[in-house]
Amino acid sequence: MIAYLILGVVVLSLLAHLVSLLTGSLEVRQFTYELGILGPIFLMLGVAFGGIFVPMTSLPFLLAGLALYGFWPTFIIFYIGNTILAPIVDFWIARKYGRTVVAKLAGKRALQEIDKIAEVSGVKVLIVLRTLGGLLFDSISYAVGLTSMDFRTYILVTATLPIPAMLGSLYLIQQGLTNNPLFFGLLVFWGYGAAVLVSVFIMRERNKKSV
């Protein structure tokens, strides 16, 4: 009985969050439409800000992009904003200003994850984390900036390996928007599932270092 109650609360919470995001996306969509040819640049920057200010979500910008421009133009917006602009800014903020500024942009809760990732960070770890993707994508960018990893290596891995996961997540968003809202549930499951796998991988790497 308790399990069903908890499940019901979770489902209702997700639905409420989805309604909020969809409402926000309608406002973003209208504003983007009124910007004309500058609309894609606005969405790109919105996606990027979602990757710099970790508590912020870029989903309303992606929903607006899909509704206005379709899948592939929105993927380009998603790719440049989420995989190029935001990771570069995150990396150099962490590299130049350190944990104090990162804590203000990412939040103290995210900073705990960032510290754990930074502790085990290396090329092999970055490859695994970027391939898995998930909700910790932006925290990884900040974490690597706190290490001594070369920027060229970082951006090469960051700009290439996340592409399959990005295509899959944008497809789920499009299907949730046009066909069945249950696809948003799959997106949430994917995001949290990948975050769990990343956390487990980081824990294993930390245990190896402590042995």
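Readers should treat all values here as calculations from the given coordinates under stated rules, not as data from a laboratory. Bear in mind that the values here come from a model prediction, so they are computed numbers and not experimental data. Cβ atoms come from the backbone with ideal geometry, glycine included; neighbour counts cover every protein chain shown.
What ranking of 130, 109, 29, 95 emerges when the number of other C-beta atoms within 10 Å of each C-beta is taken as an exposure proxy, fewest first?
Numbers: 130 24, 109 12, 29 20, 95 17.
Ranking 130, 109, 29, 95 by Cβ neighbours within 10 Å, fewest first, gives 109, 95, 29, 130.
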query: Does the stretch 72-175 come out rounded, prolate or oblate, given a ≥ b ≥ c as the square roots of the eigenvalues of its C-alpha gyration tensor, rounded meaning a/c under 1.5 and, failing that, prolate meaning a/b above b/c?
result: prolate
- request: Provide the per-residue ³J(HN,Hα) series for the stretch 100-109, in order, calculated from phi with Karplus coefficients 6.51, -1.76, 1.60 and θ = phi - 60°, each as a whole number of Hz, with x at glycine and proline positions.
  value: 4, 6, 4, 4, 6, 7, 9, x, 5, 5
- request: Tell me what the chain gives for mean residue ellipticity at 222 nm when only DSSP H runs of n ≥ 4 count, each as -39,500 (n - 2.57), the sum divided by the residue total, rounded to 500 deg cm²/dmol.
  value: -27500 deg cm²/dmol
message: Taking 27 Å as the cut-off for C-alpha to C-alpha distance, list the pairs among 96/124; 96/116; 108/209 that go past it.
response: none
In sequence order, calculated HN-Hα J values of the stretch 152-161 (Karplus, 6.51, -1.76, 1.60; Hz; x Gly/Pro): 4, 5, 4, 6, 5, 5, 5, 7, 10, 5
query: Classify the stretch 42-106: rounded, prolate or oblate, from the alpha-carbon gyration tensor (a ≥ b ≥ c, eigenvalue square roots; a/c under 1.5 rounded; otherwise prolate if a/b is larger than b/c)?
result: prolate
query: Which whole-number percent is the relative contact order of the stretch 2-210 (Cα, under 8 Å, 6+ apart)?
result: 19
- prompt: Rounded, prolate or oblate: which fits the stretch 138-211, taking a ≥ b ≥ c as square roots of the Cα gyration tensor eigenvalues, rounded meaning a/c under 1.5, else prolate when a/b beats b/c?
  reply: oblate
- prompt: Charges only on Cβ, +1 for Lys and Arg, -1 for Asp and Glu: so what's the dipole of the chain about the Cα centre, in debye to the nearest 20?
  reply: 680
